[in-house]
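For reference, the structure is listed below as structure tokens.
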Amino acid sequence: MALLSRARVISSALRGKRAFSFSCDTQTTMTVLSRARVVSSALFGNRAFSSSSADYNSIFSPDVSSQVGSCMPISMMRIGTIIHNIEMNPGQGGKLARAAGTSAVILKDPSASKQCLIRLPSRVEILIDSQCRATIGEVSNKEHKGMKLRKAGHTRWLGRRPVVRGVAMNPVDHPHGGGEGKSKGGGCRGRGSLTPWGKPTKGGYKTAKLKRKK
């Protein structure tokens, strides 16, 4: 901006639009012209500010792997990058770290091997194919978990329908239904909690895959 203002002042002075009284001395005129040429070459020349133009281009063309919101294969990212919306298989679509305010971290250099070590929001560390895609950054709306519902109607506004307990149903509707009093239908047989489709739930029933012993 300083160079532009200086060039405008010199050009207006040469044209006589401003109240500058230049003498007719030839040496003064040549000095003003040389200054104008220096300013114009600094503004529009390729040689005058080659280093600054390189800095200008580097500022406005940052590394793609450091931009928040960029989606790319994990192999193109660096170690320690915070990511979310991670695929489990290449081309499958995002499956992990998609809830509000969640994120995962790359713990192993993805370009070194075919699988990358990632720490999930649950602190579990898993190996994922480096060709799987993910998005850089964390999911927004971190304050979502602190939101409190004021009344029952607030839950309905969110599209959540009421949940009826199984013990309050009939035997044809739920495995816990029927019987006298608050019974799950198991009695002294010790039958545990079941889903509406008869599969075990709660009570320490493990649904995760068993890890192979080394």
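Numerical summary
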item: Residue list for the stretch 155-179, filter: of a type in the set (Val, Ile, Thr) and part of a loop (DSSP other than H, G, I, E, B); result: Val163, Val164, Val172
item: Selected residue (only one of Ala134, Ala208 is of a type in the set (A, V, I, L, M) and either over 30 Å from Cys71 (Cα atoms) or at pLDDT below 90 (or both)); result: Ala208
item: Hits in the stretch 95-147 (condition: of a type in the set (A, V, I, L, M, F, W, C), more than 11 Å from the chain's Cα centre (by Cα) and under 10 Å from Asn85 (Cβ atoms)); result: Leu96
item: Tabulated pairs, the stretch 165-182, first closer than 17 Å to Thr201 by Cα and hydrophobic (A, V, I, L, M, F, W, C), second part of a loop (DSSP other than H, G, I, E, B) and open to solvent by 70 Å² or more (accessible area, probe 1.4 Å), C-beta under 6 angstrom, 6+ apart or interchain; result: Val167/Lys182
item: Yes/no for Asp109 being among the acidic types (Asp, Glu) and free of Cβ contacts under 8 Å to residues at least 40 places away in the same chain; result: yes
item: Residue within the stretch 139-147 that is hydrophobic (A, V, I, L, M, F, W, C) and in contact (Cβ under 8 Å) with a residue 24 or more places away in the chain present; result: yes
item: Strands (runs of 3 or more DSSP E) contained in the stretch 71-142 and holding at least 1 residues of a type in the set (S, T, N, Q); result: 115-119, 133-136
item: Output for the stretch 123-152, where each listed residue is open to solvent by 80 Å² or more (accessible area, probe 1.4 Å) and of a type in the set (S, T, N, Q); result: Gln131, Ser140, Asn141
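The values are calculated or read from the model by the stated rules, or taken from the named source; none is laboratory data. Only a predicted model underlies this, so the values are computations on that prediction, with no experimental measurement involved. All Cβ positions, even for glycine, are placed from backbone atoms using ideal geometry, and neighbour counts span all protein chains on display. Ligands, DNA and RNA are excluded from the accessible area calculation, which covers all protein heavy atoms including side chains. Shrake-Rupley method; radii C 1.70, N 1.55, O 1.52, S 1.80 Å.
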